[in-house]
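What follows is a short report on a single structure.
The values are calculated or read from the model by the stated rules, or taken from the named source; none is laboratory data. None of these values were measured; they are calculated from a predicted model. All Cβ positions, even for glycine, are placed from backbone atoms using ideal geometry, and neighbour counts span all protein chains on display. We work out accessible area using only protein heavy atoms, side chains counted, and drop any ligands, DNA or RNA first. Shrake-Rupley method; radii C 1.70, N 1.55, O 1.52, S 1.80 Å.
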Amino acid sequence: MRIIAGSNRGTRLKMVSGKHVRPTADRVKESVFSVIGPFFDGGWILDLFAGTGQLGLEALSRGADRAVFIDESPASVETVRMNVRAARLEERSEIRRANAWAALRNLKKRGLRFRIIFLDPPFTENYWETALKRIDEYDLLEEDGVIVAEHPARNELPRTVGMLRQYRRLEYGDTAVSLYQRKSRDEQEDE
C-alpha cells in the first residue's frame, strides 16, 4: 500500500495489524481520485473511520491543506501516526482517537467544514446512514464539497439524506463508492 500521486508519491504505508481494517485497493483509490479531482488547490479533508489514513494522506499529497483523521481503534490511530510520519505530513495532519459520533459533534463545535469527507467504516457495521445524517445535521460539508462513502456493492445507500444527495455510484467488484454533494439551491427550492 502506498501513496500513488502527488508530492508524496511512492511513500509506503503500513497496514493495521489484524483483520478489522480493510484498506482501499489502489485501483479503487486511483479511480475515485480521478472522479473527484486528481489534484486539489487546498481545502480541509476529514478521514472518518481512518483505518490506515491512506485516503486522507493521498488527498494531502495531491494538494489538500489539512486532514483530520479520526478512528476509535488504538491500533488504527497508531498506524495513522506512523503513516503520517512516513509521509512527513505531521504539520498538516490532526489525528484523533475518538468515537465517530462524538468526533463529529466536536468538529461542529469547532466550526470546521470540509471539502472532502472520506467515509469508510467497517463493512461489518451499518454506519453509513447515521454518519451521513450527522454530517448533514452538523453542516460539516463545504458548499461544493464531496463525501466519498465506500461500502459493499450489495448495499444501496440512500439517494438523499437531508440536504445531501448521491450524485454518482462507482462499482469495483464487491466494493462500491457512493459520492454525495449538498443539494443545489434549485433542488432545495423544488422540495
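Restricting attention to the range 133-172, report how many residues are assigned to a strand (DSSP E or B), free of Cβ contacts under 8 Å to residues at least 24 places away in the same chain and open to solvent by 20 Å² or more (accessible area, probe 1.4 Å). Residues in the range 133-172 being assigned to a strand (DSSP E or B), free of Cβ contacts under 8 Å to residues at least 24 places away in the same chain and open to solvent by 20 Å² or more (accessible area, probe 1.4 Å): 5 in total. If the condition is being at pLDDT 85 or above and open to solvent by 30 Å² or more (accessible area, probe 1.4 Å), then the range 20-40 contributes GLU30, SER31, SER34, VAL35, ILE36, PHE40. Suppose the filter is open to solvent by less than 10 Å² (accessible area, probe 1.4 Å) and under 19 Å from GLU143 (Cβ atoms); does ILE45 pass it? It is true that ILE45 is open to solvent by less than 10 Å² (accessible area, probe 1.4 Å) and under 19 Å from GLU143 (Cβ atoms).
Conditions tested, residue by residue: (1) open to solvent by 30 Å² or more (accessible area, probe 1.4 Å); (2) modelled with pLDDT of 95 or more; (3) not in a loop (DSSP other than H, G, I, E, B).
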{"residue": "ALA59", "(1), (2), (3)": "no, yes, yes"}
{"residue": "ALA67", "(1), (2), (3)": "no, yes, yes"}
{"residue": "ILE70", "(1), (2), (3)": "no, yes, yes"}
{"residue": "ALA75", "(1), (2), (3)": "yes, no, yes"}
{"residue": "ASN83", "(1), (2), (3)": "no, yes, yes"}
{"residue": "GLU91", "(1), (2), (3)": "yes, yes, yes"}
{"residue": "GLU94", "(1), (2), (3)": "no, yes, yes"}
{"residue": "ASN106", "(1), (2), (3)": "yes, yes, yes"}
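Within the range 35-49, residues that are touching a residue at least 60 places away in the same chain (Cβ under 8 Å) and within 12 Å of ARG115 (Cα to Cα) reach no partner that is surrounded by 14 or more Cβ atoms within 10 Å (Cβ to Cβ) and of a type in the set (S, T, N, Q) with beta carbons closer than 7 Å at six or more positions or on different chains.
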